[in-house]
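Structure, as structure tokens:
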Amino acid sequence: TLNRANPKTIQDKFLVGYQGWFTCNGDGEPLDPNHHGWLHWFDKPIPDGGRPNTDLWPDVSEYSPSELYPAPGLKNGDGEQMFLFSSRHSKTVRRHFHWMALHGVDGAFLQRFAGQLEAGSAMRKIRDEVGDRVREAAEAEGRVFAIMYDVSGVQPDKIQRVLEQDWMHLVRDKCILDSPNYLRERGSPVIALWGFGFNGRNHSPEVIRSITSFFRSSTPGGAYLMAGVPGHWRTSTSDSDPDPEFLRIWTEEFDALSPWTVGRYGNEEDAERWGNEKVKQDFDFLKQREDEGKKRVDYIPVVLPGGSGYNLSGGQWGLNDIKRNGGRFLWTQIYAARRAGVRIIYGAMWDEYDEGTAFMPVVSSSKQLPVHPQFNFLALDADGHSLPSDWYMRITGFAAESLRGDHMIHETFPVKELQDYWATRPRYEDKTAHEEEAEQWKEAQQAYHNWAAKEGGAAVDEAPPPPYRLEDDPHTQTTKPTLGRSSSASASFVSPPPVPARSPSLTASSSSANSRPPGINMSSRPPPAPMSTRPVYPP
């Protein structure tokens with residue numbers, strides 16, 4: 001079985017950011033009746049003069065047909081239509097969280113953008129809709145989730161009101177904290193605030209103190225507050241607001257700090273230097289404060305697979321600007337974090353195809369890319385490496401195992417181990433209907449034997465009696481048959497355990513509020529792959 005992530009603590013976890021912001025024409029009600037329906041894949045459809053917002057092209061071969069939408073104006077080299085997924089589709093979000101479960105990623109911070117949270121707006125409605133899908137997927141797949149507010153794009157004098165109103169909306173209207181899978185630490189819900197204290201944003205330390213006070217006082221059980229801070233937060237230089245008061249804000253008002261690293265280094269050498277000069281020294285700084293009896297503040301570094309935002313920026317950023325180099329760039333960051341003593345890692349981002357930092361599947365070969373005279377796209381072989389589409393999810397699996405103590409991280413990039421990733425992990429195969437029925441009947445027999453033995457002296461037959469139910473047969477007698485005892489039996493007689501039904505017609509109704517959502521129909525997937533590739537979807 002897949003181990004469920006523990007929602008009671010943030011410690012020893014590999015967590016990822018989940019944007020959940022891709023929409024397609026036909027996936028639901030658009031922003032307005034005149035909107036084309038595409039968000040984040042395109043600024044508007046290419047045939048209408050639009051452009052794509054992504055360089056990386058997602059591998060959608062595992063998605064079912066009902067999850068895919070034709071990408072306007074894009075075909076492959078053979079003239080076949082290209083397709084994309086929507087973050088509004090419940091089966092798709094469930095699939096994304098299943099990939100987390102399959103690779104041991106503990107869960108996700110759902111991004112919630114402060115500039116899109118005006119009450120009653122169509123955009124907030126979509127963000128709420130995606131939030132519902134994330135909650136359902138996390139609960140179904142045994143992952144944790146938490147809210148991460150991105151305060152970008154909101155005027156400093158309005159941000160407090162926006163955050164306070166929206167958090168109350170989530171707690172009271174969406175009942176988000178009622179989920180058993182919402183992440184907590186020492187009983188307090190985890191809430192992340194990303195984007196305060198960056199240079200040029202003019203945030204007031206006093207306003208931030210007021211905001212943190214609100215979250216702690218208005219959230220049942222208090223709040224474990226995580227700050228997404230500038231990379232140079234400790235020295236108040238470069239990307240950080242120079243006001244020295246922010247250092248006190250970070251160490252006094254927050255319970256965890258996660259310095260942003262996207263764009264701060266672009267190759268393995270620079271990533272290693274950042275690990276030595278920032279990650280290690282940041283971690284040691286916070287640990288020393290704790291050793292001195294001051295407030296404990298956890299340290300959560302950000303790691304990324306690479307980056308490319310050429311189409312997104314209209315050509316201002318380079319194509320494949322931060323090369324993945326077959327995973328070595330990501331591995332350098334993970335190793336530096338673990339060597340520093342870090343217990344929590346934040347991966348940016350699980351589904352961020354826009355800036356090219358996605359961990360989720362990317363097509364392996366450039367032959368699988370769309371062909372267009374104006375726009376270029378990237379596959380995993382852009383750096384000369386032939387890789388399976390799930391390669392970067394495999395690397396997160398190694399990182400997650402190291403945080404739980406199941407796997408040692410070494411400086412050398414584990415190419416062979418990653419190639420044999422699925423050969424050393426359990427496979428989750430579908431059972432046939434006959435096998436499931438036989439297993440249920442075997443369990444029923446064992447339960448009956450255990451009951452009979454407990455009763456002491458009760459006859460133990462080779463098989464338990466059939467699962468009598470009045471509703472099974474409309475012609476059944478009105479008196480329920482007795483099971484080996486007379487009507488004068490003592491009132492203290494203990495009934496045998498219920499026998500599971502042998503056919504679907506005898507099972508409880510699946511409409512129960514406590515039932516899990518149905519598994520994803522994978523009938524459209526190819527046959528089971530060899531042991532060295534990803535296993536088939538579990539039942």
Given 191-203, 122-134, the highest-first ranking by average Cβ count within 10 Å works out to 191-203, 122-134
Here the range 185-193 yields Karplus 3J(HN,Hα) values (6.51, -1.76, 1.60; θ = phi - 60°; whole Hz; Gly and Pro given as x) of 9, 6, x, 9, x, 7, 10, 10, 10
Residue separation between THR424 and ASP12 times 0.36 nm, minus their alpha-carbon distance, gives in nm 146.1 nm
Rounded to one decimal in nm, the spacing of the 7 Å Cα→Cβ label points at TRP451 and GLU29 is 5.0 nm
Zone reached by a paramagnetic label modelled 7 Å from ASP132 Cα along Cα→Cβ, restricted to the range 152-188 with backbone N below 18 Å, covers 169-180
Low-density loop GluC sites (Glu not before Pro), the range 209-298, at most 11 other Cβ within 10 Å, DSSP non-H/G/I/E/B, are GLU292
The set of residues whose placed amide H lies less than 5 Å from the amide H of ALA71, leaving out same-chain residues fewer than 5 positions away, is MET82, PHE83, LEU84
Listed by chain and number, the residues whose amide H is under 5 Å from that of SER152, excluding neighbours fewer than 5 places away on the same chain and using placed H, are ALA114
Checking rank on 217-225, 392-400, with mean other Cβ inside 10 Å and highest first, the result is 392-400, 217-225
Note, the range 386-391: 3J(HN,Hα) by Karplus (6.51, -1.76, 1.60, θ = phi - 60°), whole Hz, Gly/Pro = x, goes 8, 10, x, 5, 9, 4
With N residues in the range 274-354, Rg(alpha-carbon) / (2.2 N^0.38 Å) equals 1.35
Here the gain from full extension of TRP441 to ALA122, 0.36 nm per residue of separation minus their alpha-carbon distance, amounts to 109.7 nm
Whole-Hz Karplus couplings 3J(HN,Hα) for the range 281-289, θ = phi - 60° and coefficients 6.51, -1.76, 1.60, Gly and Pro as x, run 6, 4, 4, 5, 4, 5, 5, 4, 4
Under a 1.4 Å probe, counting only protein heavy atoms, GLU136 has an accessible area in Å², nearest 10, of 80 Å²
Among LYS91/LYS125; LYS287/LYS416; LYS91/LYS323, the pairs whose Cα-Cα distance exceeds 27 Å are LYS287/LYS416; LYS91/LYS323
The long-range amide H neighbours of GLY37, using H built 1.01 Å from N in the peptide plane and a cut-off of under 5 Å, are LEU31
Residue span HIS410 to SER213: 0.36 nm per residue of separation minus Cα-Cα distance leaves a gain in nm of 66.8 nm
Of 155-165, 91-101, ordering from highest average Cβ density within 10 Å down gives 91-101, 155-165
To the nearest 0.05, the calculated FRET efficiency linking LYS287 and VAL262 through their beta-carbon distance, R0 being 30 Å, is 0.75
By the C-alpha gyration tensor axes a ≥ b ≥ c (rounded if a/c is under 1.5, else prolate when a/b exceeds b/c, else oblate), the shape of the range 13-420 is oblate
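The values are calculated or read from the model by the stated rules, or taken from the named source; none is laboratory data. Since the structure is predicted, the reported quantities are computational estimates derived from the model, not experimental observations. Ideal geometry is used to build each Cβ from the backbone, glycine not excepted, and the neighbour counts take in all protein chains shown. Ligands, DNA and RNA are stripped out before the accessible areas are found, and what is left, the full protein with its side chains, is counted by its heavy atoms. Shrake-Rupley method; radii C 1.70, N 1.55, O 1.52, S 1.80 Å.
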